[in-house]
Every structure is written in C-alpha cells, then in structure tokens.
Amino acid sequence: MNPSIIIPSHTAYLIIDTNFRVVQYAPQLPDLLPGCAIRLHDDLREHLQELVGLETVIAQLLTGQCEHFLIEEVQHSEFAKGDQVQYITLRLEPKSDQEIWIFVEDVTETAVLRQALVQRVNETELLLNALKTTASYNKRIMASMQEALLITNSAGFIKTINQAACELFGYDEAFLLNCNIADLFWAQNQAQSYLEVLWNQSDEAIATEVPCRTQAGEQVIIEFSTTKVQSQVEKVSTFVYVGRDITARKDLEREREKALAKEKELSDLKSRFLAMTSHEFKNPLSTILMSVELLEEFGEDWPPEKRDKYLKRIKQCTTNMNTLLEDILLIGRADVQKLVFDPSPTCLMAFCQELIDEFKPLCQAKHQLILESDLAPQANYVIDTKLLRHVLSNLLSNAIKYSPEGGSIQLKVNCQNQQFLFHVTDQGIGIPPEDQPRLFDYFHRSRNVSDIAGTGLGLSIAKRATELQGGSISFTTQVDRGTTFSVSIPVIEPEE
C-alpha cells in the first residue's frame, strides 16, 4: 500500500493486474461491498460488471495515455436486498506499468438523494412547466446523469432527452425529439407490447431489458426503468425512461452459459463413453474368458472342429475389441488434427468394387449388395482412399447391420458439378425423428437399435473423414422403410 495515499472510511481499494485479476484489496472491502465475495486472483469483472468493456481504458492507463478514469454513481448489480440498492463510484489510477489502483467509494446516500432530487425536479417541470430557473436546474441534473433519460407522452413520442441518451443511441437531439420511442426498439412488435403494458400500469416503475437499435444499425441491450407520471394539471400521462447499456454484461452472461453447456456436453460425452466401453468390452472379454476356461478344461477331449469353433470365437472377440480401439483412436486423432488429408491418383471404381467385395461375406442370403456408377471403370481420380474407406465402410456396415429383414443395399457413385457423389441406400429400420438431430454425435445410438450391437462411433467417424476431404454428409430416412446417406466430396484436378 502506498503510504502517501489516504483512504477515507467510506472508500476501499483494490489492485488488479493487466488481466483484471485481483492482486490485493483493502480489509474493509467486504464491508463496503457486502454483495461481493471477492477473492485474490478473481477476474474483477465478474464482481464489478461496471468494468466490463474497459480493456482499452486499462491499456491507456498502463501506458500513461491518461492519468485516471472515473465511473461515477453506478448501481452495483450484485447488491440487492429488497428495495435496497447500492451505488458506487470507481476511480482507476495506474500503480505501475503492470498494475492498476481501483478506489471504490460508497456513494449510496448521495446517489439516492440525487435521484430523489432528479425525480422531484422532473415532476415539477412536467406538472408546472412554469419556473425557468427550475427548468434550467433540471437540465443540468439530466446532463449530469450517466444513464440515458427519455420522457415521452402517452403515444410514445419523445419530448425530453439528456445527452447520455444521444450518446447511447448515436443520434443528435433534434432527431430523437422527432421520433417515437418505439423507433429505437429492435423489434416493432416487442415495442407495441411493451407500450401496452406501460399504458395499463400504475405509478410503480417497470424494469425490463429491451434490444434497441443504434444509429449505426447495431443492436444494444438496454435495461429500462420506466415510470408512468400522471399530470395533475393537464390530466395526461407521461412516461419517464431511464436506460442503461447492459450489452457487455449480457454478452458475458451468454459466454458463461455457453461454457456451462460445453461442460455439461463433455460430462455427458464422458458418461456415454464409459457406458459404451464397459458394455462393448465386457461382453467379448467374458466370452474370451469362458472360451479359454472351457478349452483349458475340456479342449484335449474335444474334436478339432469344436476346438476351432471356440478359437474362432476368441479371435472374433479380439478383432471386435481391436476395431473398437481403432475407432476410438481415430476419433482422438481427428480431434487433435492428426488425421491428415493425403489424396493420390486411384481407380475409383476398382476401389469401390473392392469395398463391395469385402462386405459381401458379411451379408446374409436375404441381402443384395449393389454397386452402380456412371464413371469410367478404368479412370483414375485424385482421392484419399484411406479417408474414403472410413466413410463408405461405416455407411455400408450400418446399412447391413440395420437391415435385419434383408433387401437391397446400394452404393451409387457419380460425378456432378465437380463433386463426387456417393449414395448408400438400404431398406432397413430407418432413423426415428427424435434421434436425427444428434445422429452424428459421438456414442449416440438411435432408440430403435438397442438390441443391435454397435458403438455409436461409425457415423461420427464418417462425418469427420468426409469433412477432412472438404465434403459434406447428409441423409434422408423413413422409419421401417429405409435410409439413404449422401456424401459429397470435391473433385481434385490432377497436377500436370
């Protein structure tokens, strides 16, 4: 603490760094700001939202471009007990090239008295409109307000404003005095409903947050406190709007909500991952263990055919677990950008035919696997066969797996508008509407496939592999009728 600085009893100090982190604060600060639980290293903007948006000011203070910065008589948002409010004044001064003094002064009594005086003077002017000295005094007080002040008649036309209103909306006084308050609202229908509420209100103030439009066409969120004032002389109502720009605060709130939603999403993803892996590993491991125990105990007495049956079962379970691990590792590589796009000249039709031949042994007799294309059979194209295999093999595998009643499964390949188009169509169980928005999420499985083995990773891998090639994937589906997945990948011209 600098001994040359004398701190009054109704004032406390803080020291923050260049990132608004609290480095030090006065012992009396908790008593001065009872609504704040400020701790060392906190981002002070989370407790004093009056500092939101002052990053440029902080930089100017630290570089000596200005000696101090003052925020006078603002309502402290974290202090609210019934009808009580707290007003503070903040003075910012550089302590060093890395730290800032912030002096916090409780000016509640002065602010409340000032507001009461403003209200009294406004009512006097609106009701009497006679004394020029009172009118001049009223204008000076209005000009000293940091909040925007607009006074309208019962039809919403603006009759009085202060300088803060001009600065907030970006218009000059002459323009504002010729427009309706509704013209400043972002949505006209919202303005009409808000005005109807005001017309029917009592003398109590109504507080609301309203999106408004500035002269530059930007949207700002204004917190209006609006009071209906009944003129005892003219027997007409006027409306007093006191507005404050809370756009930065609302942006910060939205960022918090996004962070919380992301945290929940990661938690859900972790839960789904644990549930999937425990299920997909437990069953094959149990099968392997049981098969090994049977082979150890009875294997020597079994005929070779029976021993081979259990050995094949062990091999299949091991292959399935290895495939699952490869899928998980593939997703991990894609997430950290280690899965690369590496195209090279390839005979596309030969590649697709080879893929079809690989899947034919997996098809039952009731399945018919078909390849159709209008491409030249021997033509070479520049493609990434590794990524394309991830895409098509997952789509073909799903088409077979989710067509338990059989039917035709078609892979159609063609080229239009410099795009390779791949369509995989089945006549299977389809995808329920409620599952379609999350179909490509990790570990998500439709509710109509609970009795069919799967990990929920195949379509996620297909989507990632498609996007790495600069392409897109979509689908159309009907429950119990079938599904078509469509993949579009840009054609790459061969280098000369």
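Below is a table of values for the structure above.
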| read-out | value |
| --- | --- |
| Residue check, Gln353 modelled with pLDDT of 85 or more and within 28 Å of Thr477 (Cα to Cα) | yes |
| Which listed residue, of Gln146, Gln201, Gln192, Gln188, is within 29 Å of the chain's Cα centre (by Cα), assigned by TED's automatic domain parsing to the domain that holds Gln119 and either aliphatic (A, V, I, L, M) or modelled with pLDDT under 90 (or both) | Gln188 |
| Test result for Ala164, farther than 24 Å from Glu123 by Cα, among the small types (Gly, Ala, Ser) and assigned by TED's automatic domain parsing to the domain that holds Val121 | no |
| Positions within the stretch 207-245 being free of Cβ contacts under 8 Å to residues at least 40 places away in the same chain and among the aliphatic types (A, V, I, L, M), in sequence order | Ala207, Val210, Ile221 |
| Qualifying residue in the stretch 340-349 (condition: assigned to a helix (DSSP H, G or I) and modelled with pLDDT of 90 or more) | yes |
| Out of Leu14, Leu33, Leu51, sole residue that is closer than 24 Å to Ile246 by Cβ, surrounded by 12 or more Cβ atoms within 10 Å (Cβ to Cβ), within 35 Å of the chain's Cα centre (by Cα) and modelled with pLDDT of 90 or more | Leu14 |
| Val424 vs. criteria in contact with a Phe, Trp or Tyr (Cβ under 6 Å, 6 or more places away or on another chain) and either of a type in the set (A, V, I, L, M) or over 21 Å from Thr477 (Cβ atoms) (or both) | yes |
| Any chance Thr476 is touching a strand residue (DSSP E or B) at 6+ places or on another chain (Cβ under 8 Å), without any contact (Cβ under 8 Å) to a residue 12 or more places away in the chain and not in a helix (DSSP H, G or I) | yes |
| Check on Asp374, crowded, with 17+ Cβ neighbours inside 10 Å and of a type in the set (D, E, K, R) | no |
| Residue list for the stretch 140-154, filter: farther than 16 Å from Asp183 by Cβ and in contact with a Ser or Thr (Cβ under 9 Å, 6 or more places away or on another chain) | Met142, Glu147, Leu149, Ser154 |
| For Leu369: the one exception among (1) crowded, with 16+ Cβ neighbours inside 10 Å; (2) within 19 Å of Cys347 (Cβ to Cβ) | (2) |
| Neighbours by Cβ (under 6 Å, 6+ apart or cross-chain): first from the stretch 284-307, under 18 Å from Asn322 (Cα atoms); second polar (S, T, N, Q) and at pLDDT below 85 | Pro284/Asn320 |
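The values are calculated or read from the model by the stated rules, or taken from the named source; none is laboratory data. Treat the numbers as computed from the prediction; the structure is a model and nothing was measured. Cβ coordinates were reconstructed from backbone atoms using ideal geometry, including for glycine residues, and neighbour counts include every protein chain displayed.
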